[in-house]
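**Student:** Would you mind keeping the following structure in view while I ask a few things?
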Amino acid sequence: MTKFEIRGVRADVLIGADERQEILKGVDLTIDSGQTHAIMGPNGSGKSTLAYAIAGHPKYEITAGEVLLDGENVLEMSVDERARAGLFLAMQYPVEVPGVSMSNFLRSSVTAVRGEAPKLRQFSKELQGTMKDLSIEASFAARGVNEGFSGGEKKRHEILQLELLKPKMAILDETDSGLDVDALKVVSEGINRAKANSDVGIMLITHYTRILNYVKPDFVHVFADGRIAESGGPELADRLENEGYERFVKAGAEQ
Amino acid sequence: MAGPNLGVKEHSHGGELPISKLDVHGSFDVDAFPVPTGREEEWRFTPLRRLRGLHDGRDIKDGVVSVEVTAPEGVTHETAASGDPRLGTTFLPTDRVSALAFRDFGTFGGATVVTVAKDAQVAEPAYIKVTGENQGDAYGHILVRAEAHSKATVVLEYAGEAVYADNVEFIVEDGAELTVISLQDWGRDAVHVGHHYTKVGRDARFKSFVITLGGDLVRMSPKVGYTAPGGDAELHGLYFTGDGQHHEHRSLIDHNVSHTRSRVEYKGALSGEGAHGVWIGDVIIGEGTEGTDSYEYNRNLALTDGTRVDSVPNLEIFTGEVEGAGHASASGRLDEIHLFYLRSRGIPEDEARRLVIRGYFAELIGRIDVPELRERIMAEVEEKLAEHE
Ligand SMILES: Nc1ncnc2c1ncn2[C@@H]1O[C@H](COP(=O)(O)OP(=O)(O)OP(=O)(O)O)[C@@H](O)[C@H]1O
Ligand SMILES: [Mg+2]
């Protein structure tokens, strides 16, 4: 049983040497293990900022509040410690790291997170199997990390990492964007496998209800102007799909 | 870092030829070149003091250098004395050191001539190993000729201690394919000023890898010209410059005939106090030519404080009929976003750094198709990396 708590988090984006801008204006959210929380909200409202700030991206700084994973303050940990503590972020725009082969990267990553090097034969079997499940061709293992991958291929590889690293808490930032119908299904199945095989809690950032037809959320939150503006059950997603965010954007502007 | 010099001139009509300032007139006469003072454009990045007199041409020839050739079937080798008419056909020395080396190499056992027979398709690489026995002045000359429609790989390997200057000629005859790997693996005190003069024939392909890891001061000037249309030259370079080392690479591609292609890609890493990397990439697209396709690229990675990089692309175009001509140069530190991505997957910072740096080199080293060499170069890079961890 894991508890992931975001309490009163405020964060700035670091723009230049002395330039910064507050994006998160007090975010509160608690996710228990096994739960799936969908976060929906207009462009630029700060969803990715929340995801990156929690992961420890160097361009963002949390100025107030705390983020707890089973009571431990994640913000006091380095980026890699956070991941080893069980936090995972599937990025909206996964990073290309030229020259570092995917297989080498995955082996290093799995070794670090599991605390010991997996047996080579066992690992390559696990890797091949998971790649196959996600309809990723075996040849990708020899390519540079995300190097020259299409948008959809990058997203599949983020889910590949989710499945291999088995985190306690996963933030999936628009993993569904840019996927065709088939890919969306493959990726959703990957997320559902991760859910079935572990007690992972999921924060699913998305603009569309179509992924929510595959990955059923327990809660839906509206994110607007750097905070959670409304929370509800799965029915809230349908309402947002019909009505849009107008009501929240206006509310934000009036303040 | 200096910006690019872009000299773009109109097609001339009045009969006067546009003169490229990159195309310096050469000479075999040492005295045609005054002793450099360090103020000359071509010497201003080189710490002359550390050349140990190589540039002024004192009459000291106290070095001992051995040249050893291992040639597979299809490749022959011999020694040629100074004055052999086959030598010096591809170039006129464009600086004093090159002229000096050509004048004096005879004192050091003559030139090494390596020939790839016409039509021979040689899979095994030929090795030319130059080893300096002591820190003394020595000169050398090598001629590699790939006869028409042959295909071969030649590995040039420099090791030991010396104060060394040489000229290496590569003749790639029509339809031939020559790959050269020049590995400057000198001991820590060596000084080496080397020139590569390449002539690429009709539909011929030349590919070079200039890998500089050792020495105190290494200055390499690979020059490429074409003798007929359809020639293709790829120059790959890699340097890992450690504490106090000076590694300088000055490429010149002269697109003097139509429908020729060139790619120059040099990558360096610098680590430690006083590490100095210089890259000068000159490209001339000659008057009256058409269909030239050229691109050059230099990237530098500063791994610690106290390093210095000078990276200067020079592109001179004397025609409007260019298919493509571009350049890029970037110098900086490890990309923190790369590190963030790896670390966000649990990989500790020092390991993430190692992975990214290795990846940076592996990209280029991976293109060398001699596995034994690939592994050796990677191992030496690892060794140098370990010095700063
Ligand atoms: N480097 C930066 N410089 C300036 N502003 C930035 C920078 N990075 C982010 N921002 C701003 O922060 C705000 C929040 O961006 P964020 O990416 O978190 O939004 P989002 O909710 O994820 O939007 P989307 O739905 O489009 O992905 C935006 O207004 C954005 O322009
Ligand atoms: Mg976003």
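Since every read-out is calculated from the coordinates, none of them should be taken as a lab result. Computed from a predicted model, the values in this text were never measured in an experiment. We place every Cβ from the backbone using ideal geometry, glycine too, and count neighbours over all the protein chains shown.
**Student:** Restricting to DSSP H runs of at least four residues, report the calculated mean residue ellipticity at 222 nm for chain B, -39500 (n - 2.57) per run over all residues, nearest 500 deg cm²/dmol. Present the calculation step by step, with values, prior to reporting the outcome.
**Tutor:** Numbers: 4 runs with 51 residues, N = 389.
Per the formula, -4000 deg cm²/dmol.
**Student:** Quick one: grab the alpha carbon gyration tensor of region B:334-389, order the square roots of its eigenvalues as a ≥ b ≥ c, and give me rounded if a/c is under 1.5, else prolate or oblate depending on whether a/b is larger than b/c. Mind dumping the intermediate values first?
**Tutor:** On the way: a/c = 2.90, a/b = 1.81, b/c = 1.60.
Prolate is the answer for region B:334-389, as a/c is 1.5 or above and a/b outweighs b/c.
**Student:** Per-residue HN-Hα couplings for region B:257-274, Karplus 6.51 cos²θ - 1.76 cosθ + 1.60 at θ = phi - 60°, whole Hz, x for Gly and Pro?
**Tutor:** Each residue's phi maps through the Karplus curve to give 10, 6, 6, 10, 10, 9, 9, 10, 9, 10, 10, x, 10, 10, 8, x, 4, x Hz.
**Student:** Over all directions, average the projected area of the Cα convex hull of the protein assembly as shown and note it in nm². The partial results should precede the final answer.
**Tutor:** Working: hull surface 135.2 nm².
For the Cα atoms of the protein assembly as shown, the hull's average projected area reads 33.8 nm².
**Student:** So which DSSP H runs in chain B come out at 15 Å plus along the axis (Cα) with average Kyte-Doolittle of at least -0.5? Write out the running numbers ahead of the final one.
**Tutor:** Numbers: long enough: B:349-365 (24 Å, -0.12); B:371-387 (25 Å, -0.81).
Sorted by number, the helices that extend far enough and score high enough are B:349-365.
**Student:** Turning to a different aspect of this structure: Once R0 is set to 30 Å, what does the formula 1/(1 + (r/R0)^6) return for the Cβ-Cβ distance between A:Met1 and A:Glu235, expressed as a FRET efficiency to the nearest 0.05?
**Tutor:** 0.65
**Student:** Evaluate peptide B:363-376: per residue, the Cβ atoms of other protein chains within 10 Å of its Cβ; return the mean as an integer.
**Tutor:** On the way: counts 5, 1, 1, 2, 0, 0, 0, 0, 0, 0, 0, 0, 0, 0.
Average per residue, whole number: 1.
**Student:** For the pairs A:Lys47/B:Lys384; A:Lys154/B:Lys199; A:Lys47/A:Lys185, flag any whose C-alpha to C-alpha distance is greater than 32 Å.
**Tutor:** Numbers: A:Lys47/B:Lys384 43 Å; A:Lys154/B:Lys199 44 Å; A:Lys47/A:Lys185 23 Å.
Long pairs (Cα-Cα over 32 Å): A:Lys47/B:Lys384; A:Lys154/B:Lys199.
**Student:** Given the C-alpha atoms of chain B, compute the convex hull and give its volume per residue in Å³.
**Tutor:** 139 Å³
**Student:** If one puts a single equal scatterer on every Cα of region B:163-286 and applies the Debye formula without solvent, what log₁₀ I(q)/I(0) results at q = 0.11, 0.14, 0.15 Å⁻¹?
**Tutor:** -0.37, -0.57, -0.65
**Student:** Okay, moving on. How many angstrom separate the Cα center of region A:1-54 from the Cα center of region A:185-253?
**Tutor:** So the separation of the two Cα centres works out to 14 Å.
**Student:** With an 8 Å cut-off on Cα pairs and a minimum separation of 6 or more residues, tell me the relative contact order of chain A in percent. Walk me through the intermediate numbers first.
**Tutor:** Working: 481 pairs, mean separation 67.8, N = 255.
27 percent.
**Student:** Moving on to the next point. Under the rule of -39500 (n - 2.57) per DSSP H run of 4 or more residues, summed and divided by the residues of chain A, what mean residue ellipticity at 222 nm is obtained, to the nearest 500 deg cm²/dmol? Provide the component values of the computation, followed by the final result.
**Tutor:** Numbers: 8 runs with 93 residues, N = 255.
The helix-only estimate for chain A comes to -11000 deg cm²/dmol at 222 nm.
**Student:** Moving to a separate point now. Residue by residue through A:94-106, how many Cβ atoms from other chains fall within 10 Å of the Cβ on average?
**Tutor:** On the way: counts 1, 8, 4, 11, 7, 13, 13, 4, 0, 0, 4, 7, 1.
Counting Cβ atoms of other protein chains within 10 Å of each residue's Cβ and averaging gives 6.
**Student:** Would you kindly derive the ³J(HN,Hα) couplings of region B:73-90 from the backbone phi angles with the Karplus curve 6.51 cos²θ - 1.76 cosθ + 1.60 (θ = phi - 60°), listing them in order in whole Hz, with x for Gly and Pro?
**Tutor:** Ordered by residue, 3J(HN,Hα) equals 4, x, 10, 10, 9, 7, 10, 10, 7, 4, x, 4, x, 6, 8, x, 8, 9 Hz.
**Student:** Which whole-Hz ³J(HN,Hα) couplings does region A:215-221 yield from phi under the Karplus relation 6.51 cos²θ - 1.76 cosθ + 1.60, θ = phi - 60°, glycine and proline marked x?
**Tutor:** These are the phi-based 3J(HN,Hα) values: 9, 6, x, 8, 9, 10, 10 Hz.
**Student:** If one computes the Cα centroid of region A:144-173 and of region A:68-116, what distance in Å separates the two points?
**Tutor:** Spelled out, the Cα-based centre of one part sits 11 Å from the other.
**Student:** A further question on this structure: Go through region B:183-272 and name the trypsin sites (Lys or Arg not before Pro) that are in a DSSP coil and have 14 or fewer other Cβ atoms within 10 Å of their Cβ. Could the numbers behind the result be given before it?
**Tutor:** Values: sites: B:Arg188, B:Lys199, B:Arg202, B:Arg205, B:Lys207, B:Arg219, B:Lys223, B:Arg250, B:Arg261, B:Arg263, B:Lys267; in loops: B:Arg188, B:Arg202.
Here the trypsin sites (Lys or Arg not before Pro) that fit, given the DSSP loop and packing criteria, are B:Arg188.
**Student:** Ok, one more. How many partner chain Cβ atoms sit within 10 Å of a residue's Cβ in peptide A:74-84, on average, as a whole number? Each step should come with its number before you reach the end.
**Tutor:** Values: counts 0, 0, 0, 0, 3, 12, 12, 3, 3, 6, 5.
Neighbouring Cβ atoms belonging to other protein chains average 4 per residue here.
**Student:** Relative to the longest principal axis of the C-alpha atoms of chain A, give the angle of the C-alpha long axis of helix A:102-114, reported between 0 and 90° and rounded to the nearest 10°.
**Tutor:** 70 degrees
**Student:** In degrees between 0 and 90, to the nearest 10, how far off the longest principal axis of chain A does helix A:151-165 point, with axes built from Cα atoms?
**Tutor:** Orientation of helix A:151-165: about 80 degrees from the principal axis.
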